[in-house]
Amino acid sequence: MKKNYLKINESKDSIEIQVYLENQELEEKKLNASMKQIVKIIKRNNRKKKEIMIDTDLDLEKDEKKDNKRLSLIAALNACKIKDKNERLEYIYMAACKYLDNEYIEKNICEFCNDICLGKQKYNIKNGCCHEFKLKNIFYPKNLPLCQYQKEGKCIADCLGCKLFACDEVRKKGVKLTYYNVPLVRYFFNFAQKIMIRFSVFTHKDTVLKRLRLFNF
Ligand code: SF4
Ligand code: SF4
């Protein structure tokens with residue numbers, strides 16, 4: 001018998017969340033609705049502290065690279081099981097970083113060629129990151145200072161604000177990854193946290209998380 005996609009059973013001491021995809025593709029509408037519901041349960045349960053149990057046919061351990069909708073749902077379900085809200089915040093933060101890495105790296109959005117990305121091809125430069133490029137030295141891009149978190153051509157900071165940035169060249173391709181359409185960011189972070197992420201660029205995740213905890217209601 002076909003099971004319901006999402007069912008929530010709540011008793012005095014526990015909440016059971018059932019999710020069955022049964023090999024169906026996860027539609028965006030469905031994902032958004034369930035993320036909303038899951039976040040509501042987590043917030044409501046912050047004070048009640050009921051046991052949350054998950055019953056699903058999804059592999060909650062899977063390192064999902066190809067399907068970001070599944071990645072989001074898996075992360076939301078795993079987050080339900082994390083009782084400490086700061087630990088949960090960090091888990092969701094890293095899952096959102098993973099989501100964006102999957103989008104950019106797996107889909108080769110920045111079209112790196114010989115270490116030069118699409119946005120910097122006209123300047124023929126390897127150095128620097130998107131934000132340095134865009135904000136710090138727009139008139140003399142050849143003199144870009146290297147962000148302290150760029151090591152061997154890679155960012156070691158897991159800076160979510162930087163990951164949510166897209167340069168004009170990338171936007172021209174129709175790529176738009178924003179605070180609204182990355183479900184983990186949209187539903188798990190409140191308005192103040194979104195602002196904090198937006199203005200915490202060139203920043204190591206430890207510092208960003210410290211700031212986000214101040215608004216982790
Ligand atoms: S977003 Fe633009 S500037 Fe940043 S790495 Fe990608 S192509 Fe380069
Ligand atoms: S923190 Fe931002 S600017 Fe610095 S290396 Fe990472 S992505 Fe680039």
*Is it the case that Met94 is surrounded by fewer than 20 Cβ atoms within 10 Å (Cβ to Cβ), of a type in the set (A, V, I, L, M) and assigned to a strand (DSSP E or B)?*
no
*asked:* Looking at (1) within 18 Å of the chain's Cα centre (by Cα); (2) at pLDDT 90 or above, which one does Asp57 not meet, given that it meets all the others?
replied: (1)
*Please go through segment 180-217 and pick out each residue that is part of a helix (DSSP H, G or I), within 15 Å of ligand 2 (Cβ to nearest atom) and over 15 Å from the mean Cα position of the chain (by Cα).*
Phe199, Asp206, Thr207, Arg211
*Identify, by number, the condition in (1) modelled with pLDDT under 95; (2) in a helix (DSSP H, G or I); (3) surrounded by 15 or more Cβ atoms within 10 Å (Cβ to Cβ) that Leu135 doesn't meet.*
(3)
*Within segment 138-174, track down each residue that is modelled with pLDDT under 80 and more than 9 Å from ligand 2 (Cβ to nearest atom).*
Ile138, Phe139, Tyr140, Pro141, Lys142, Asn143, Leu144, Pro145, Glu152, Gly153
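Which residues, taken from segment 97-119, are not in a helix (DSSP H, G or I) and not basic (Lys, Arg)?
First, pick out the residues of segment 97-119 that are not in a helix (DSSP H, G or I): 107-117.
The answer is Asn108, Ile109, Cys110, Glu111, Phe112, Cys113, Asn114, Asp115, Ile116, Cys117.
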_Regarding segment 54-69, can at least one residue be identified that is buried (at least 20 other Cβ atoms within 10 Å of the Cβ) and over 17 Å from Tyr179 (Cβ atoms)?_
no
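The values are calculated or read from the model by the stated rules, or taken from the named source; none is laboratory data. Please read these numbers as outputs of a predicted model, since none were measured by experiment. Note: ideal-geometry Cβ built from the backbone for every residue, glycine included; neighbour counts use all protein chains shown.
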